[in-house]
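Colleague: Please find one structure pasted underneath; my questions will follow.
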């Protein structure tokens, strides 16, 4: 994949064929070259989120109308915090949902490599943890 692009069409796995949703993966790339992104997908079979609520889902204190009407407890802070953390590490978070069938969240991060070829986490200031510039 290319940084800045979505990891795939909702309902399709962006990773290696045969991996199930929820399995961490790497975006497909040219054989012999390292992938540019890593991702994790989390899916449930819950009540789903109404389409009109999706644009607001990552706002602080927002709770979808169908959840507010139920006995499910929450403050509406969890997804705002997750989005902030994902973006601090140059990642993306996407959501797709169908009422009555469930919701899928996909988190994608750039696949940083240190100067020695090992995985290296970027710091929020934009430099890899090992001091190497992210490629």
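Colleague: Please work out which residue is nearest to residue 65 (Cα to Cα), limiting yourself to the range 102-118 and to residues that are surrounded by 13 or more Cβ atoms within 10 Å (Cβ to Cβ) and free of Cβ contacts under 8 Å to residues at least 60 places away in the same chain.
Modeller: The residue in question is 102.
Colleague: Here is a check on your reading of the model: is residue 75 over 18 Å from residue 38 (Cβ atoms) and touching a strand residue (DSSP E or B) at 6+ places or on another chain (Cβ under 6 Å)?
Modeller: no
Colleague: So, one more: Within the range 67-89, is even one residue modelled with pLDDT under 95, crowded, with 16+ Cβ neighbours inside 10 Å and over 21 Å from residue 46 (Cα atoms)?
Modeller: Looking for residues that are modelled with pLDDT under 95, crowded, with 16+ Cβ neighbours inside 10 Å and over 21 Å from residue 46 (Cα atoms), one finds none in the range 67-89, hence no.
Colleague: I would also like to ask the following. Of everything in the range 83-92, what is in contact (Cβ under 8 Å) with a residue 12 or more places away in the chain and within 13 Å of residue 108 (Cβ to Cβ)? Give them in sequence order.
Modeller: Result: 83, 86, 89, 90, 91, 92.
The values are calculated or read from the model by the stated rules, or taken from the named source; none is laboratory data. In this text the structure is predicted, and so the values were computed from the model without any measurement. For neighbour counting, all protein chains shown are included, and Cβ atoms are generated from backbone atoms with ideal geometry for every residue, glycine included.
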